[in-house]
Amino acid sequence: MTGLRQWLLRRLLLGTGQLVAVVLLVFALTEALPGDAAVALAGDQPDPERIAALRTAMHLDRPAYERLADWAAGLLHGDFGTSLVSGRPVSSYLADGFGPTVLLAALTVVLLVPVAGGLGVLAARHEGRFTDRLISSVTLAVYAVPEFALGILLVTVFALRLGWLPPTAVGYGADLPAHPAVLVLPVLVLLSRPVCSLARLVRAGMIDALAAPYAAQARRYGIPGARIRYAHALPNALAPAAQQLARTVDWLLCGVIVVEALFVIPGLGTVLMNAVAERDVPVIQGLAIVFGLTAVVLNLGADVVAHRFAPRALVAA
């Protein structure tokens, strides 16, 4: 138990350090962005006096370290700042885009776990045979296709040619659950690569687990093959898959930008793209912090889940 507590403490300290690093890195990178928000707001023919007044109103004339200190202090109190363009709180932008993005990510994960796990176990059970080769070939081929290319292909076939599904979310508003047909193509695109990577990872883990000495000993004791596969081998195969799943969920929240742009879905990815176009630095910073915090929390949770499956390996790490 002491070893487990020490392991958890190390993970928590590491996560805290990562959050601090994310805050510093986000601020430094947004400071390095080209252009000037005051110039962007001043119009096509900016007046130097107006630009100076805007910079003062936005506190852009203050030293960077002062703005960093104020921003970090606000983050500790849950204040992400105010948009330079609209004057709205950054938290309102996050709230507007949070629902559609989380809905897409949640639907993808709900389908991802059984599909990837089932394909991985099926391929492992038929190692070296036709089923294994077919699953491995298809997953490798699909993984090589970029999301935007697969999205365009699906839209062309199922929306434009067959007319079965809407090509984008334009005209459906932000209430996506009321229009489930809009979600089919985006979820398929989001599923494509994670299913491939997780299925191959589960397959490799299952093959290694079934070849381990404890599996051979269980067979000698006459334990049924199904029990060996699902009660003994599968938990060990899922330990690395759980950590990969956390990285996948992190990618779903952060990498959904391409899918949201392709299907015109009003989520966090769309908010980020608009903020970058308008050089709305506080909104960009707020989104980056949310994505960074999500990554740290998900990976910490994945370590805990993986520890549940294979405690000795992780406590020793």
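The values are calculated or read from the model by the stated rules, or taken from the named source; none is laboratory data. Here the structure is a predicted model, which means the values were calculated and not measured. Reconstructed Cβ throughout: ideal geometry from the backbone, glycine too, with neighbour counts over all protein chains shown.
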Please work out if L253 is under 24 Å from A116 (Cα atoms), at pLDDT below 75 and under 17 Å from the mean Cα position of the chain (by Cα).
-> yes
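Go through region 160-172 and count every residue that is closer than 19 Å to L104 by Cα and either surrounded by 11 or more Cβ atoms within 10 Å (Cβ to Cβ) or acidic (D, E) (or both).
To start, the set of residues in region 160-172 that are closer than 19 Å to L104 by Cα comprises 165-172.
With the extra rule that they be either surrounded by 11 or more Cβ atoms within 10 Å (Cβ to Cβ) or acidic (D, E) (or both), the set shrinks to 165-170, 172.
Number of matching residues: 7.
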Filter region 253-290 down to residues that are part of a helix (DSSP H, G or I) and touching a Pro at 6+ places or on another chain (Cβ under 6 Å) and give me whichever is nearest to V109 (Cα to Cα).
-> V259
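Yes/no matrix, rows are residues, columns are (1) assigned to a helix (DSSP H, G or I); (2) surrounded by fewer than 18 Cβ atoms within 10 Å (Cβ to Cβ); (3) touching a strand residue (DSSP E or B) at 6+ places or on another chain (Cβ under 6 Å):
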| residue | (1), (2), (3) |
| --- | --- |
| G78 | no, yes, no |
| L84 | no, no, no |
| D96 | yes, yes, no |
| T101 | yes, no, no |
| A105 | yes, no, no |
| V115 | yes, yes, no |
| V121 | yes, no, no |
| T131 | yes, yes, no |
| L140 | yes, yes, no |
Of the residues in region 99-138, those that are out of contact with any Asp or Glu (no Cβ under 6 Å at 6 or more places or on another chain), over 20 Å from L188 (Cα atoms), touching a residue at least 12 places away in the same chain (Cβ under 8 Å) and hydrophobic (A, V, I, L, M, F, W, C) number 3
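Hey, among L150, L154, L160, L188, which residue is at negative phi, part of a helix (DSSP H, G or I), touching a Ser or Thr at 6+ places or on another chain (Cβ under 8 Å) and not acidic (D, E)?
On the way: L154 fails: touching a Ser or Thr at 6+ places or on another chain (Cβ under 8 Å); L160 fails: touching a Ser or Thr at 6+ places or on another chain (Cβ under 8 Å); L188 fails: touching a Ser or Thr at 6+ places or on another chain (Cβ under 8 Å).
One residue alone meets the criteria, L150.
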With the first residue restricted to region 162-174 and required to be at pLDDT below 75, and the second required to be in a loop (DSSP other than H, G, I, E, B) and of a type outside the set (D, E, K, R), Cβ contacts under 7 Å at 6 or more apart or on different chains are V170/V264; Y172/H179; A174/P266
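From L68, L107, which residue is of a type outside the set (S, T, N, Q) and at pLDDT 85 or above? Steps first, answer last, please.
Working: L68 fails: at pLDDT 85 or above.
After ruling out the rest, the residue left standing is L107.
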